[in-house]
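Engineer: Have a look at this one.
The values are calculated or read from the model by the stated rules, or taken from the named source; none is laboratory data. Owing to the predicted nature of the structure, the values given are computational and were not obtained by experimental measurement. Reconstructed Cβ throughout: ideal geometry from the backbone, glycine too, with neighbour counts over all protein chains shown.
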Amino acid sequence: MNAGVVVIGAGMGGLACAALLAARGERVTVIEKDHWVGGKARQVVVNGAEIDGGPTVFTLRDVFDGIFRAAGAELDDYVTTRRASILARHAWDENGNLDLHADPHRSEEAIGDFAGAEAAAGFRAFRSEARAIYASLNDTMMRAPKPATPLSLVWRMGLRDIGGFMGVHPYISLWRALGKHFSDERLRQLFARYSTYCGSSPFEAPATLMLIAHVEAMGVWLIDGGMAALAQALRELAESKGATFQLGTAVERIEVASGRATGVILGNAERIAADAVIANADPAAIGSGRFGTDASRAVSQYGARERSLSAFVWYAKARGSGFPLVRHNVFFSPDYAREFSDIAGGIPPADPTVYVCAMDRDATFGEAADDELSGAPERFQIIVNAPANGDTHNYTPKEIDQCTQAMTRSLTRCGLELDDPLTHEVATPNTFERLWPSTGGALYGRASHGWAASFRRQGTLTKIPGLYCAGGSTHPGTGVPMAALSGQLGAQRVLQDLASMRRSHRVAMAGGMSTRSAQTGSTA
């Protein structure tokens, strides 16, 4: 009998991989050290209210549609979603705010009203460039195995010379590239924020990340129950196809025999044999020996200076007043360069940019419906970027209070007042290091800094046959849909390799797992 496949970690990548492998008839066992599925897409309970503890922005829905359809199901049968009409609301002070809309023409009009006709023209040019970068990299990079070198990516792109590769701007920082489109520093700051979606500084991340603007323009979706509901849906899908889950169970080590992964040893000394092991874990944890010294050689390690951002995250149920909140809101620092300089220096920013997810606001219908919440307690997730030093610096209550005061000052400057005192729970880089050891609390794996960042990121394959990687810290990158794509790539590769091993069991790879992107013409 085949030993089956073990998936370590029930994050989005592991869940997607488990569902796809189970749908193809593999015996799949998912081992998760925590008592929930979803990894960073967890929930935090404050005063009886369930608040998203991790990612809140859901894009590239077609990735999940493809995963569910490959398993003979429909995403809409498991979760209720609706498309947001307002992507996000942005503010710098009390003198007005700027919305980006699902309809790009409304965004262009809003930018024109906010910063003038020249800014609106800059947005049109920026949007065109972001769309072109996405079109170049969608199938060749994002949805394909990790390219080994820039030349291999050029070959995939079908280019006769290096010019097309240069068109995706791998050698120019995002901040510098945005200066070509926007003379208004506020707009430059707004679109530079997309680098933080990858846990990176806009002053060091490549301009390639402009493609994230196009991804959002393709659609931001709201999910009833938040991201945790999506994770639970993937679990139910996997279980419906025969996958089994062991929650609250830690893997002590990955077993390696005769040069290949052969199973896992659990914390209770139980052994589970496997034909393949997929580690939905940060490669830093594997490389540091968290899964045994034998497995530590499977991946390349990187230093603390290469880590992505961590964060301070406040979870609260409180009253907000003075600012017209929507679901996603960003309150910008008056000194963006200093913000990232502080973080690079190992300290939380003194004057931070603050993201506020007002979970009870419905960005589909806008302010008219949200007016009903005025004065009522609502659920908030509030994020400030921070250095990933949770393994080397223990944040004291005084330091945490200083960060809370800095966050509150940023909100007050833009007109948003929250309950004082604010009843809340707070997560720090120390919290995230405890949840995901050996990372320092880095939430996005390795930072996307420099032209070679995408080629240095861990791919599906490791240096040990039979051991594979998946998750937001591996190729193709961070974020919920990227993590799911990593799971899809992992499932594809495992099926290929198992087909070679089991020559008497033919596995067809054509069809069934393709998740080509939706048409994007409507966002032109």
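Engineer: Say we look at the stretch 412-455 and pick out the residues that are among the polar types (S, T, N, Q) and in contact (Cβ under 8 Å) with a residue 24 or more places away in the chain; which of these is farthest from Gly96 (Cα to Cα)?
Structural biologist: Taking the candidates together, the pick is Ser438.
Engineer: Do you know which residues across the stretch 380-401 are without any contact (Cβ under 8 Å) to a residue 40 or more places away in the chain and surrounded by 15 or more Cβ atoms within 10 Å (Cβ to Cβ)?
Structural biologist: Within the stretch 380-401, Tyr395 is the sole residue that qualifies.
Engineer: Go through the stretch 76-101 and give me each residue that's touching a helix residue (DSSP H, G or I) at 6+ places or on another chain (Cβ under 8 Å), outside any strand (DSSP E or B) and within 18 Å of Phe332 (Cα to Cα).
Structural biologist: Matches in the stretch 76-101: Trp92, Asp93, Glu94, Gly96.
For every residue, the table says whether it meets (1) in contact with a strand residue (DSSP E or B) (Cβ under 9 Å, 6 or more places away or on another chain); (2) more than 24 Å from Glu433 (Cβ to Cβ).
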site	(1), (2)
Pro283	yes, no
Ile286	yes, no
Arg307	yes, no
Gly320	yes, yes
Val326	yes, yes
Ser333	yes, yes
Tyr336	no, yes
Gly345	no, no
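Engineer: Pull out all pairs, ordered by first then second residue, where Cβ-Cβ is under 7 Å, the residues are six or more apart or on different chains, the first lies in the stretch 229-255 and is buried (at least 18 other Cβ atoms within 10 Å of the Cβ), and the second is of a type in the set (Phe, Trp, Tyr) and assigned to a strand (DSSP E or B).
Structural biologist: Arg235/Phe245
Engineer: For the stretch 178-191, what are the residues that are over 14 Å from Glu216 (Cβ atoms) and part of a helix (DSSP H, G or I)?
Structural biologist: Residues satisfying the conditions are Leu178, Gly179, Lys180, His181, Glu185, Arg186, Leu187, Arg188, Gln189.
Engineer: Can you tell me how many residues within the stretch 295-321 are under 22 Å from Gly490 (Cα atoms), surrounded by fewer than 17 Cβ atoms within 10 Å (Cβ to Cβ) and free of Cβ contacts under 8 Å to residues at least 60 places away in the same chain?
Structural biologist: 1
Engineer: Taking the stretch 244-270 as the region of interest, how many residues are more than 12 Å from Glu32 (Cα to Cα), assigned to a strand (DSSP E or B) and among the hydrophobic types (A, V, I, L, M, F, W, C)?
Structural biologist: So the answer is 6.
Engineer: Here is a further query. Checking Arg176 against (1) under 30 Å from Trp36 (Cβ atoms); (2) free of Cβ contacts under 8 Å to residues at least 40 places away in the same chain, which single condition isn't satisfied?
Structural biologist: It is condition (1) that Arg176 fails.
Engineer: Looking only at the stretch 456-475, filter to residues that are of a type in the set (Lys, Arg) and under 21 Å from the mean Cα position of the chain (by Cα); which one of those is surrounded by the fewest Cβ atoms within 10 Å (Cβ to Cβ)? Break it down into steps so the answer makes sense when it comes.
Structural biologist: Here is the first cut: in the stretch 456-475, the ones of a type in the set (Lys, Arg) are 456-457, 463.
Within this subset, residues satisfying the condition of being under 21 Å from the mean Cα position of the chain (by Cα) are 456-457.
Numbers: Arg456: 15, Arg457: 21.
Here the answer is Arg456.
Engineer: Here's another thing I want to ask about it. Which members of the stretch 314-334 meet the condition of being over 16 Å from Phe191 (Cβ atoms) and in contact with an Asp or Glu (Cβ under 6 Å, 6 or more places away or on another chain)?
Structural biologist: Passing the criteria: Tyr315, Ala318, Arg319, Ser321, Gly322, Pro324.
Engineer: Restricting attention to the stretch 456-498, which residues are among the charged types (D, E, K, R), over 24 Å from Val215 (Cα atoms) and in a loop (DSSP other than H, G, I, E, B)?
Structural biologist: Quick first cut of the stretch 456-498, residues among the charged types (D, E, K, R) only: 456-457, 463, 493, 497.
Within this subset, residues satisfying the condition of being over 24 Å from Val215 (Cα atoms) are 463, 493, 497.
Lys463 - this is the single residue of the stretch 456-498 that is among the charged types (D, E, K, R), over 24 Å from Val215 (Cα atoms) and in a loop (DSSP other than H, G, I, E, B).
Engineer: Specify the residue that is farthest from the chain's Cα centre (by Cα); the eligible residues are those in the stretch 397-450 that are outside any loop (DSSP other than H, G, I, E, B) and aliphatic (A, V, I, L, M).
Structural biologist: Leu418
Engineer: Could you look through the stretch 102-145, keep only residues that are closer than 22 Å to Thr59 by Cα and part of a loop (DSSP other than H, G, I, E, B), and pick out the one that is farthest from the chain's Cα centre (by Cα)?
Structural biologist: Restricting to residues being closer than 22 Å to Thr59 by Cα and part of a loop (DSSP other than H, G, I, E, B), the top hit is Asp103.
Engineer: Quick check on my filter: what residues within the stretch 280-296 are touching a Gly at 6+ places or on another chain (Cβ under 7 Å) and closer than 10 Å to Ile254 by Cα?
Structural biologist: Ser296
Engineer: Ala135: in contact with a helix residue (DSSP H, G or I) (Cβ under 7 Å, 6 or more places away or on another chain) and more than 30 Å from Thr412 (Cβ to Cβ), yes or no?
Structural biologist: no
Engineer: I would also like to ask the following. Let me confirm something: among Leu15, Leu60, Leu87, which residue is buried (at least 19 other Cβ atoms within 10 Å of the Cβ), farther than 24 Å from Ala358 by Cβ and not assigned by TED's automatic domain parsing to the domain that holds Met359? Full working, then the answer.
Structural biologist: Values: Leu60 fails: farther than 24 Å from Ala358 by Cβ; Leu87 fails: farther than 24 Å from Ala358 by Cβ.
The unique qualifying residue is Leu15.
Engineer: Working carefully through the options Arg290, Arg235, find the one that is in contact with a helix residue (DSSP H, G or I) (Cβ under 7 Å, 6 or more places away or on another chain) and either outside any loop (DSSP other than H, G, I, E, B) or not β-branched (Val, Ile, Thr) (or both).
Structural biologist: Result: Arg235 is the single residue among Arg290, Arg235 that is in contact with a helix residue (DSSP H, G or I) (Cβ under 7 Å, 6 or more places away or on another chain) and either outside any loop (DSSP other than H, G, I, E, B) or not β-branched (Val, Ile, Thr) (or both).
Engineer: Which residue, of Gly48, Gly39, is crowded, with 17+ Cβ neighbours inside 10 Å and of a type outside the set (A, V, I, L, M)?
Structural biologist: Gly39
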